[in-house]
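Below: the structure, in structure tokens.
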Amino acid sequence: MAQAHPVDRELRDRLTVVVPLISSYLRRAKHDMPAGMRQAFETAGLGARHGAVLAFVWSSGPVSVSEVARRLNLSLTNTSQLSGELTRAGWLRRDSDPADHRRTLLSVPPERHDEFGDFLDRRSDVLLRALARLTPGERAGFLAGLTAWADEIERARPD
């Protein structure tokens, strides 16, 4: 596949080091959980995909299953299964949408909100420290790069 904007060899070499390092950090989220939270996830058989759903619902407020599926690029069936498992484990709750009782909204139960928020804060700390080292222009470039990467990931997904 031809590249629209080829990158130089030095940048490619740097990316082959940086991207796996970031990937490794993201994969070890369960090991960074507080002991009680990790045990609850392990007992319920919850993994990284569950964590992604939970994080999206936590940050978005009450949200429909179809919106979670759309935003996380998951099938509706998978999202329904993941949210059901999170609900049974007590990490999500399902409520009828007051505006449309046929629709179900997902939310993080109040008793779990602070615990999961604290975990996300701890996990975000390294990114926030990195961003603090950048100028406003560099931050904008960083965000533009991540957004472009996410867009390309979305475009590359098989339908």
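Quick check: the angle from helix 35-44's long axis to the longest principal axis of the chain, C-alpha only, nearest 10 degrees?
Helix 35-44 and the main axis of the chain meet at about 70 degrees.
Please list the non-local residues whose amide H lies under 5 Å from the amide H of SER64, H modeled 1.01 Å from N, same-chain partners needing a gap of 5 or more.
When sequence neighbours closer than 5 places are left aside, the close amide H contacts are LEU106.
Calculate what fraction, in whole %, of the accessible area of segment 52-159 sits on carbon and sulfur atoms when a 1.4 Å probe is rolled over the protein chains.
Of all accessible area on segment 52-159, carbon and sulfur atoms account for 55 percent.
Who wins for biggest fluctuation among ARG139, ARG88, ARG12 in a Gaussian network model of the chain, springs between alpha carbons below 10 Å?
In this elastic network of the chain, the residue with the biggest mean-square fluctuation among ARG139, ARG88, ARG12 is ARG12.
Can you tell which of GLU85, GLU67, GLU111 shows the greatest fluctuation in a Gaussian network model of the chain with Cα springs below 10 Å?
Residue with maximal mean-square fluctuation among GLU85, GLU67, GLU111: GLU111.
Before I look further, what does segment 105-159 give for accessible area per residue, probe 1.4 Å, in whole square angstrom? Each step should come with its number before you reach the end.
On the way: 4100 Å² over 55 residues.
For segment 105-159, the solvent-accessible area averages 75 Å² per residue.
Principal axes first, then extents: for the Cα atoms of segment 2-59, list largest minus smallest coordinate on each axis, whole Å, largest first.
46, 21, 18 Å, listed from the longest principal axis down.
How many nm is it between the label spots at LEU72 and ARG14, if each spot is 7 Å from the Cα in line with the beta carbon?
Label at LEU72, label at ARG14, 3.3 nm between them.
Could you work out which residue, out of THR87, THR79, THR16, moves most in a Gaussian network model of the chain, that is, has the largest mean-square fluctuation with Cα springs under 10 Å?
Of the options given, THR16 has the highest mean-square fluctuation.
How far is helix 48-60 tilted, in degrees, relative to the longest principal axis of the Cα atoms in the chain, given as a value from 0 to 90 rounded to the nearest 10?
Helix 48-60 and the main axis of the chain meet at about 80 degrees.
Could you work out how far helix 110-132 tilts from the main Cα principal axis of the chain, as a 0 to 90 degree angle to the nearest 10?
Around 10 degrees separate the two axes.
Rounded, prolate or oblate: which one fits segment 1-119, using the alpha carbon gyration tensor with axes a ≥ b ≥ c (rounded when a/c is under 1.5, else prolate when a/b beats b/c, else oblate)?
Verdict is oblate for segment 1-119.
Which distance in nm do the two modelled labels at ALA35 and ARG122 give, with both placed 7 Å along the Cα-to-Cβ direction?
Calculated label separation equals 1.2 nm.
Which whole-number percentage describes the relative contact order of the chain, with Cα contacts under 8 Å and a sequence gap of 6 or more?
17
The values are calculated or read from the model by the stated rules, or taken from the named source; none is laboratory data. Because the structure is predicted, anything quoted here is derived from the model rather than measured. Virtual Cβ from ideal backbone geometry, glycine too; neighbours counted across all protein chains shown. Note: accessible area is taken over every heavy atom of the protein model, side chains too, but ligands, DNA and RNA are not part of it. Shrake-Rupley method; radii C 1.70, N 1.55, O 1.52, S 1.80 Å.
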